[in-house]
Number of protein chains: 2
Amino acid sequence: MFRTHTCGELRLTNVGQQTTLSGWVQRARKMGGMTFVDIRDRYGITQLVFNQDVNAALFDTANKLGREYVIRVSGEVAERSNKNANIPTGEVEILVSELSILNESKTPPFTIEDNTDGGDDIRMKYRYLDLRRNNVRENLELRHRITFELRRYLDQMNFLEVETPILIGSTPEGARDFVVPSRMNPGEFYALPQSPQLFKQLLMVSGFDRYFQIAKCFRDEDLRADRQPEFTQIDCEMSFVEQEDVLNLFEGMMKHLFKFVKNIDFTEAFPRMTWEDGMKYYGSDKPDIRFEMKFVELKEAVSGHDFVVFDSVPYVGGICATGCAGYTRKQLDELTDFVKRPQIGAKGLVYIRCEADGTFKSSVDKFYSADDLKQIASLFKAQPGDLILILAGEKRKTQKALCELRLEMGARLGYRNKDVYAPLWIIDFPLFEWDEDTQRFYATHHPFTSPNLDDIPLLETDPGAVRATAYDMVINGVELGGGSIRIHDSALQHQMFKHLGFTPEQAEAQFGFLMSAFQYGAPPHGGLAFGLDRLVSLFAGLDSIRDCIAFPKNNSGRDVMADSPSTIAQAQLDELNLVVDLKPQTPKGA
Amino acid sequence: MFRTHTCGELRLTNVGQQTTLSGWVQRARKMGGMTFVDIRDRYGITQLVFNQDVNAALFDTANKLGREYVIRVSGEVAERSNKNANIPTGEVEILVSELSILNESKTPPFTIEDNTDGGDDIRMKYRYLDLRRNNVRENLELRHRITFELRRYLDQMNFLEVETPILIGSTPEGARDFVVPSRMNPGEFYALPQSPQLFKQLLMVSGFDRYFQIAKCFRDEDLRADRQPEFTQIDCEMSFVEQEDVLNLFEGMMKHLFKFVKNIDFTEAFPRMTWEDGMKYYGSDKPDIRFEMKFVELKEAVSGHDFVVFDSVPYVGGICATGCAGYTRKQLDELTDFVKRPQIGAKGLVYIRCEADGTFKSSVDKFYSADDLKQIASLFKAQPGDLILILAGEKRKTQKALCELRLEMGARLGYRNKDVYAPLWIIDFPLFEWDEDTQRFYATHHPFTSPNLDDIPLLETDPGAVRATAYDMVINGVELGGGSIRIHDSALQHQMFKHLGFTPEQAEAQFGFLMSAFQYGAPPHGGLAFGLDRLVSLFAGLDSIRDCIAFPKNNSGRDVMADSPSTIAQAQLDELNLVVDLKPQTPKGA
């Protein structure tokens, strides 16, 4: 028998009992004729005592134990004279009478402590050791608790978890599919799902009424900062619902989760903001509303003063940073450099200092009088001591740059506190996005999203103005989830495909079975999907989703621990009727 | 608003209330000036009444409703005069005052009834309609309930659910991997996991102590009768355990599930049988012990009677079928044909009838005297009226044929009742299997299975006799799950690889990171995995696992509904640096 208790279990009430523990050596300290060893498992740490006077041979063995050795010990539970109030087992220790070394350990390449000395690369290569660290394991424990509680909640709400296939057909729309060659069907490929979208809609046609799945999804995209080629989605769909029903149900779920994980009560309804207002006031479809600092549009106020930078552009907007009037030249130059970085792309930054004495000082003093500046400041309701920051340029691009500047100022001012949660719904997304390169509309959400029924007349006359019945849940500037009411009418779906530039043949080839299903009594339905990795990261206060994934991949999609992907045997390729041709391909259209 | 109640919710206590329901038209019956429509959703069926005298226009609309139309109705709940005791809503009906057609439906290609007129092929093509049938949906509801309850149970037992990657590295050992070309790593491939084996062992090295996952697994094998290219496994692993701990915990889980799903109490421990006894008495490592009919070995008893068929073979064995002495010539010929089928492969069948008068009649009367036959019958403890059936030949092959014959007789005699459950553990599997073709040993379970420590001396002298610390749970002749205690010592693992014919370089290339992990303090550990598809099929009494999978594939690995797999675009192949070459390949070794 390996243990009678875990290493986190013994208390004063166990004193005098015989116990057997198994675990890892966290550290050993020799003090005169006594050696103290901390034994660790997932559940905690317990102090072991070896006394030279009681058992010299055992004492000698104990002194040979290295870090991360796996041991089993038996002995009597005793009260500690020198208690450790920091750990639950800190009032007791084990007077060891038996010790077996179950396995030795080489010296780990980094310390197994909350604050390790190991860098990112080495910890990823030895991920199995990194996972021994309490804080890393706790992220995965939280992930377990969150998924378990979500399942419990959705089960109580009559949702059925249904597994949909991982080996599906490839659909060209959207991001890139991973494909899987089929040995039994030579020359043909499965794809891995980017989401279970089609299948969950089919389940609604099947009358499943309420479906969910905690589903693995896959995207063969270039991996930006915080993406993984495989990710997990809490995927939900409901029948006989309108947008209001979906928002209410999942707002309830999220409130439940906040209570469960954080003991936070959200008594008020989550605010709702149209996509248009998100862009206007925050330059973003996922605004961080932990703080105000809303955009003020200034084009009208600043025009006609012979300042060509403002006069020549369609958009001028700014934000007001409370109490930042004292920013030095150097600090303002930093901010200018920040907004001029290529990924932000502003041309420059204009500031107005609202001095403590009620005067104004600006980088554009020669174009604007004191009264002009006062008038502009009043649009921000700026107070003495505030700093106004202004950008100008093409509308959407400048809004996005101003969004980054706002987030930067929010961070500098300590407004982006990880312990504060500010959820909201973004609604009324545009149905279509126009792509200049290909000169066609794309579905903002996906081709099955229903237009707002009020806007249907606009479909033919002004498609860009049609609002979708689509919604995102955003918390602290992170898009946690989103969804839509779907089209359940074949005629409307065909109209959508037409606007998206599909020929009837293309639509039939890609979505024929869904269109066919819709002819046999499709109910009104809608749903949404939450990103589980992001959700856990939010609750754990993580900077990267990698920290809540047991075996993540790096930015090149590689598992550096297992060294995958890798080449495969020629025989395997032959069986799949495939030839690898690494010569650079000439693009067909070139 | 689409509904105030579901179609399964209204009772006599609701009479007089206004209600709104949405669902599908199950059927409509016109009787004089009244039309009765049954409206169906996942939760039940409710009767709607349209009265020509009350609202003639509504009555006309109701008469145009086709099967599977999606409708919304409002009206008053009323007590039925003609109650239907078969359904929970059978005491009430709705006097409809409003009716909207939410969607029309073409006539389904088969009837949406428990006993449908649709064949397998058409139901698979229109799987979304097949899933509307109550009995099909109920299988998936059961699957949901079983997985939810398993998660609850394992969570209570301190198991953490951890998601392991789907995109992993390819390992040549075992059944064939599906592979996934990587666009970001040209010429390299991921593989889809046949099981999370390596990752769950790494999690034990990481100190996760108790891990589980309801995990998708993949095998690119030729699909036999009841296999799917993707399947779901309840995958578990524990640290600091011996075989006894694992068996106890998962026997407890299965007993809990029987109580939960079937309200069956298993008060006794599951029987345990060695693999050797399974072969000896049932010719199988997954014996159906709902009935006895154990094999009796006869080689000694039948030898030396100049019957060359028995004298020339190493194995003669038989079974005794109670009360079958009356089998006709035709029935016995059927059995002979049965055992001679190529997939069973026996050469012939010998019988001994134990007549009611105490005499014996056999197909080999000329070689065996009445006394001889009596003596043989006594080995079976045969009674007058019983029929003894005997096969002879090479040992394992004949045992397997006799196993099939036993199952056939068990079925004929009604012993294989789906409402009776006979679980057992098979233990002491052989560690290695010898393969004649390649003249090498293969791991019976997998290369990480620990030998029985008592047999370690045999590793060098008689590897074929070494028992594994491996176990299967078998119920009613189905292997529901299996596992083993793993090797946690690198030296022993290297020894295993040597016996399995891996060079150190091959072992390093394939399992290097696991071997490396084992050098940093691997705990003793073991686990097992259950096949979820088989488990649900067992509890639902299904003949095929396909019936508890929402969107299964056929025997060629195709989804006939979505028509996948399929060819992909040239541009996609170019990006992946792949060329499809359908010319027949010349095998390298030919």
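The values are calculated or read from the model by the stated rules, or taken from the named source; none is laboratory data. Here the structure is a predicted model, which means the values were calculated and not measured. Neighbour counts are summed over all protein chains in view; Cβ atoms, including those assigned to glycine, are modelled from backbone coordinates with ideal geometry. Areas reflect the complete protein model, heavy atoms only, side chains present, ligands, DNA and RNA absent. Shrake-Rupley method; radii C 1.70, N 1.55, O 1.52, S 1.80 Å.
Shape verdict for segment B:386-468, please, from the Cα gyration tensor: rounded (a/c under 1.5), prolate (a/b greater than b/c) or oblate. In terms of gyration-tensor shape, prolate. A 1.4 Å probe run over segment B:12-103, with the rest of the protein chains in place, finds 46 Å² accessible per residue. Take A:LEU379, move 7 Å from Cα toward the beta carbon, and the resulting point lies 10.4 nm from the same point in each other copy, nearest first. Projected label points at A:LYS340 and B:ASP117, each 7 Å from Cα along the beta carbon direction, are separated by 7.9 nanometres.
The packing ranking of peptides B:160-170, B:428-438, B:481-491, B:92-102, highest mean first, is B:160-170, B:481-491, B:92-102, B:428-438, where packing means the average number of other beta carbon atoms within 10 angstrom of each residue.
How large is the convex hull of the C-alpha atoms of segment B:458-530 per residue, in Å³?
Spelled out: Cα convex hull of segment B:458-530, divided by residues, is 119 Å³.
Mean residue ellipticity at 222 nm, helices only, chain B: -8000 deg cm²/dmol; runs of at least 4 DSSP H residues each add -39,500 (n - 2.57), and the sum is divided by the number of residues. Expressed as a whole percent, the accessible surface of segment A:291-416 that belongs to carbon and sulfur atoms is 51, based on a 1.4 Å probe.
Give me the compactness ratio for the protein assembly as shown, meaning the Cα radius of gyration over 2.2 N^0.38 Å. Can you show the working numbers first?
Working: Rg = 35.4 Å, N = 1180, 2.2 N^0.38 = 32.3 Å.
That ratio works out to 1.10.
Length gained on full extension, B:MET31 to B:ASP371: 114.7 nm, using 0.36 nm per residue less the C-alpha separation. Taking a straight line from the alpha carbon of A:LYS106, these lysines sit under 20 Å away, with near neighbours fewer than eight places off in the same chain left out: A:LYS64, A:LYS125. Normalising the Debye intensity of segment B:291-416 to I(0), with uniform scatterers on Cα atoms only, and taking log10 at q = 0.11 Å⁻¹ returns -0.32.
Summing Lys, Arg as +1 and Asp, Glu as -1, what charge do residues with Cβ under 12 Å from the Cβ of A:THR274 carry, A:THR274 excluded?
On the way: positive: A:ARG272, A:LYS280, A:ARG467; negative: A:GLU276, A:ASP277, A:ASP285, A:ASP428, A:ASP472.
Spelling it out: positives minus negatives among the neighbours equals -2.
From the alpha carbon gyration tensor of segment B:481-585, can you work out the equivalent ellipsoid semi-axes (sqrt of 5 times each eigenvalue) and give them in Å, largest to smallest? Walk me through the numbers before you get to the answer.
Details: eigenvalues 274, 162, 32 Å².
Result for segment B:481-585: semi-axes of 37, 28, 13 Å.
Just reorder B:LEU413, A:LEU405 by solvent-accessible area, largest first, 1.4 Å probe, all chains present. Please list the in-between numbers first.
On the way: B:LEU413 55, A:LEU405 0 Å².
Result, largest first: B:LEU413, A:LEU405.
Against the main long axis of the alpha-carbon atoms of chain B, helix B:243-262 sits at an angle near 30°. Between chain A and chain B, the total buried accessible area stands at approximately 11300 Å², from heavy atoms with a 1.4 Å probe. Rounded to the nearest 10 square angstrom, B:LYS125 shows an accessible area of 100 square angstrom against a 1.4 Å probe. The mean of 1/r over all pairs of different alpha-carbon atoms in segment B:388-431, once inverted, gives a Kirkwood hydrodynamic radius of 12.7 Å. Positive end of the dipole of segment B:272-388 (Cβ unit charges, origin at the Cα centre): among B:GLY323, B:LEU387, B:PRO287, the Cα lying farthest that way belongs to B:PRO287. Taking a straight line from the alpha carbon of A:LYS83, these lysines sit under 22 Å away, with near neighbours fewer than eight places off in the same chain left out: A:LYS30.
Per the rotation superposing chains A and B, the chain A residue found at the smallest beta carbon distance from the axis is A:VAL579, 2, distance in Å. Take each residue of peptide A:520-528, count the partner chain Cβ atoms within 10 Å of its Cβ, and average: the result is 6. Counting every pair of alpha carbons in segment B:12-103, the share spaced more than 19 Å apart comes to 32 percent.
Kirkwood radius for segment B:367-516, taken over all pairs of different Cα atoms as the inverse mean of 1/r, rounds to 19.1 Å. Taking 17 Å as the straight-line reach from the Cα of A:LYS294, the lysines in range (excluding those fewer than 8 positions away in the same chain) are A:LYS280, A:LYS286, A:LYS381, A:LYS395, A:LYS397, A:LYS400.
Between the alpha-carbon centres of segment B:223-288 and segment A:324-358 there is a gap of 69 Å. Per-residue surface analysis assigns A:LYS400 an accessible area of about 120 Å², computed on protein heavy atoms at 1.4 Å probe radius. Label-to-label distances for B:ASP365 across copies, nearest first, come out at 12.9 nm, using points 7 Å from Cα in the beta-carbon direction. For the Cα trace of chain A, dividing Rg by the Kirkwood Rh returns an Rg/Rh value of 1.05.
A label point on B:THR4, set 7 Å along the Cα-to-Cβ line, lies at 6.4 nm from each of its counterparts in the other copies, closest listed first. Within 10 Å of the Cβ of each residue in A:189-198, the mean number of Cβ atoms contributed by other protein chains is 4. Counting only protein chain heavy atoms and rolling a 1.4 Å probe, the accessible areas of A:ARG145, B:ARG72, B:ARG123 rank, largest first, as A:ARG145, B:ARG72, B:ARG123.
For the segment A:505-516, counting C-beta atoms of other chains within 10 Å of every residue's C-beta and taking the mean gives 2.
Carbon-plus-sulfur fraction of the accessible area of segment B:12-103, 1.4 Å probe, in percent?
Numbers: 1930 of 4200 Å².
The computed percentage sits at 46.
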